[in-house]
Structures are given as C-alpha cells and as structure tokens.
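To start, the structure under review is shown below, and the notes come after it.
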Amino acid sequence: MKLSELAARLNCRCEGPGNLEITGVAGMDEAQAGEITFLSNPKYLPKLGTTRAGAIIAGPEVDTLGKPAIRSDDAYLSFAHAVEIFYPPPRPPAGIHPTAVIAPGVKLGRNPSIGAYAVIESGVEIGEDCVLKSFVMIYSGVTIGHRFFAHSHAVVRENTRIGNDVIVQNGVVIGGDGFGFVPRPDGTFYKIVQAGMVVIEDGVEIQSNSCVDRAAVGETRLRRGVKVDNLVQVAHGCDIGENSLLCSQVGVSGSARLGRNVILTGQVGVAGHLTIGDRVIATPQSGIPNDVRPNTTVSGSPAVDHDVWLKASAVYRRLPEMYAAYRKVKDLLAKPQTKS
C-alpha cells in the first residue's frame, strides 16, 4: 500500500514521498524498511534515530528526522487503525458445524458461525453475525445482541443478557454463581441460591479466564465499553461503570460500584459494598477498603492518595537509618547525667 493511500484511509496528512510502498506495521525496534511504526510517548524519541522503519506515524509537531511521516493528532489510535488495515481480524465463514448441539427453538440471527461441539441450550436468542468458536457453551434463557464473538471454551450461564459488539476470550465464565454462603451454628455453610443475573452492555470485551458472577438477587452489570483483562474476578452484584478498565488479576468484591472511566491496574483489590467515583486510577497492587472520591489516583494497601503514598514510600526506605538515629538519641537520654 502506498504511504499516501494509507494516510488517506487513516484520515491523516501524508508527509514525504506518497508513493513509498508500505508493506506492514511494527514497533520501533522491530520495524524493517518498508514498514511503518508510530511514536506517541516522548520517552521513545531517541529511537527515531535508530529505527529502520520506512515511515513514522507521529504527532504534528514531532521532528521525525527527515523520515516520511503520517501526521496524526492521536498517533497511537492511528497506529491501531493501521494494524487493522494490514492485519484484519479473521472471521470464520458463516455456517453451523455438524457437531454443534442447538436446542429446538433457539433463535439465531443472520450469518451465524457456530464451531465444532458448541452447545446452545433452550430459550436462547442471538443476534446477527455471531461467532461461537468450538466448545462454547451458552446456557438456557440467554439473550445476546449482534456481532457477538465468543472464543473457545467460553461459558455464558443461564439468563444472562449481553448487548451488541461484545467479545469474550477463551475460558471466560459469565454468570457463574456468586460466592454466597450463610454460616450455620455447627460451623458449616449453607449455599444461597444465586437467582440474579448478569448484564453485559454494548462494546464490552472480557479477556481470557476472567469471571463475572451473578448475584443472589438483582444483577451484576458491566456497562458500555468496559474492558476486562485476563484473570479478573468481578463478584456478584457489582456495577462497573462505562469505559472502565480492569487490568490483569484485579478482584472486585460483591456489590461494589465503580464509576465511569475508572482504571484499576494490575492486582488491585476492591472491598465489597463501596463506591469508586468517576475517573479514579488505582496503581498496581492497591487495596481499596473504602469509598474513593472521583478524579483521584490512589496507591498502597490500604489505598491512600497517590501523593501521600509517594511521600510515605520515601520515608519507608529511610526507616532503618531513622531508627538507628532514634536508638542513638534514646541511648544518650538513658545515660545517667553526671554533675560537673
């Protein structure tokens, strides 16, 4: 593809020889002549002098050292679109594999692609252009919108509601039982029937081996545009706000409420029955025991304001020498005072 054609498809400005042939997309370190890369983070500016890429996707003000460029107001987003142009995600052909098991009365929209040994139980409705890869399991009473894509071994449990353009990766379980047990006098636990449901709104993606549990009553809801990384647990009765990101190994306890555009980075733990405001960021391994006000960044366990945590961390590193100084003062004060 010519550089000028790629720029036009990205709705960006071409700078340099428009007839330059672009054969693919790669990172700055891996790119070869004829490939295009991108620069969005200023810390990678020095790589412009060493990359072998034939062209750069960069912001309007970035000095690309004479390399041909596609100028974009959002280089990272344009790069993502370029990857999709050169490597469009494969979609299996429409059709139902003969080994798939589909209950009578299931409603499938146009152009379904149902893989080997997929199972769809009774009362299920799925919209147009769905893809169920091999061994996907859809329990009874599930309703799913258009363009649903479920990778192998994903499970959608009974009575779940899923919107349009939802992707679930391998091993995802949506609607498994919430962790609800009542202690009995003899020390054993009595299981609470989980009669609630899970609602997944439009544009959600849930990545491999993550779980979204249904509640005893009411619903667990992932709102529009939520993205869930691998190995995440969303417990019963949670409400995850629009366009929030739950990164790998996050755990959200029951009945927690997250606002819009919340980012929980790796291994963050959230206690139950609390509220996290809009646009909160929790840094890795934070433990959140209480409500968090909107537009804040928190760190540590228990989580505190990030600036406070930075100061406390700086002090923590100096504790050995501070303690040694304290011991010296303490020993000095403990010595008997002699009169001159």
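If r is the Cβ-Cβ distance from Ser301 to Glu84 and R0 is 30 Å, what FRET efficiency results, to the nearest 0.05?
Working: r = 39 Å, r/R0 = 1.29.
After rounding, the FRET efficiency stands at 0.20.
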Beta bridges per DSSP with both ends in the chain, % antiparallel, nearest 5: 10 percent
Rounded, prolate or oblate for the stretch 46-94? Axes are the square roots of the Cα gyration tensor eigenvalues, ordered a ≥ b ≥ c, and the cut-off for rounded is a/c under 1.5. prolate
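With Cβ to Cβ distances under 14 Å as the rule, what net charge do the other residues near Met197 carry (K, R +1; D, E -1)?
On the way: positive: Arg157, Arg161, Arg214, Arg221; negative: Glu158, Asp177, Glu201, Asp213, Glu219, Asp239.
Charge balance near Met197 sits at -2.
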Across the Cα atoms of the stretch 154-307, what radius of gyration and what greatest pairwise Cα-Cα distance (Dmax) are found, in Å? 15.1, 48
By the Cα gyration tensor axes a ≥ b ≥ c (a/c under 1.5 gives rounded; else a/b larger than b/c gives prolate, otherwise oblate), the shape of the stretch 3-86 is rounded
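Which value, in debye to the nearest 20, gives the size of the charge dipole of the stretch 298-340 about its Cα centre, when Lys and Arg are +1 and Asp and Glu are -1 at the Cβ? Can you show the working numbers first?
Numbers: 8 positive and 4 negative charges, 85 e Å.
Using Cβ point charges on Lys, Arg, Asp and Glu, the stretch 298-340 gives about 400 debye.
Can you give the Rg to Rh ratio of the chain, both from alpha-carbon atoms, with Rh computed by the Kirkwood formula?
On the way: Rg = 26.8 Å, Rh = 23.7 Å.
Taking Rh as the inverse mean 1/r over Cα pairs, Rg/Rh reads 1.13.
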Among Ser299, Ser244, Ser210, the residue whose Cα sits farthest towards the positive end of the charge dipole of the stretch 154-307 (+1 at Cβ of Lys and Arg, -1 at Cβ of Asp and Glu, taken about the Cα centre) is Ser210
Which entries in the list Lys2/Lys47; Lys47/Lys133; Lys133/Lys191; Lys2/Lys227; Lys67/Lys133 go over 31 Å, if you measure between the two C-alpha atoms of each? Lys47/Lys133; Lys133/Lys191; Lys2/Lys227; Lys67/Lys133
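Tally Lys and Arg at +1 and Asp and Glu at -1 over the other residues with C-beta under 12 Å from the C-beta of Arg293: what net charge comes out?
Details: positive: Arg279; negative: Asp278, Asp291, Asp305.
For residues surrounding Arg293, the net value is -2.
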Per the 1/(1 + (r/R0)^6) rule, R0 = 25 Å and r from the Cβ atoms of Leu319 and Tyr44, FRET efficiency to 0.05 is 0.10
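Can you bin the stretch 166-245 into rounded, prolate or oblate? Criterion: square roots of the alpha carbon gyration tensor eigenvalues sorted a ≥ b ≥ c, rounded for a/c under 1.5, prolate for a/b above b/c, oblate for the rest. Write down the numbers at each step before the final one.
On the way: a/c = 2.89, a/b = 2.04, b/c = 1.42.
The shape class here is prolate.
Count charges around Ala100 for me, please; just the other residues with Cβ under 13 Å from its Cβ, Lys/Arg as +1, Asp/Glu as -1. Show your work: numbers first, answer last.
Working: positive: Lys133; negative: Glu121.
Net charge in that neighbourhood comes out at 0.
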Which order do Arg13, Arg221, Arg110, Arg260 fall in if you start with the one that has the fewest other Cβ atoms within 10 Å? Arg110, Arg13, Arg260, Arg221
Given +1 on the Cβ of Lys and Arg, -1 on the Cβ of Asp and Glu, and no further charges, what dipole in debye does the chain carry about its Cα centre, rounded to the nearest 20? 1280 debye
Would you calculate the separation in nanometres between label points at Ser152 and Tyr326, each defined as 7 Å from the Cα along the Cα-to-beta-carbon direction? 5.8 nm
Assertion target for Asp186, Asp74, ordered by fewest C-beta neighbours within 10 angstrom first, is Asp186, Asp74
Residues whose built amide H sits under 5 Å from the amide H of Val304, excluding neighbours closer than 5 in sequence, are Ser299
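Can you give the calculated 222 nm mean residue ellipticity of the chain, where each DSSP H run of n ≥ 4 adds -39,500 (n - 2.57) and the sum is split over every residue, rounded to the nearest 500 deg cm²/dmol? Provide the component values of the computation, followed by the final result.
Working: 4 runs with 47 residues, N = 340.
Mean residue ellipticity, 222 nm, calculated: -4500 deg cm²/dmol.
Just so you know, all these numbers are worked out from the coordinates, no wet-lab data involved. Fair warning: this is a prediction, and the values are worked out from it, not measured in the lab. Don't worry about glycine lacking a Cβ; one is built from the backbone with ideal geometry, like all the others, and counts go over all protein chains shown.
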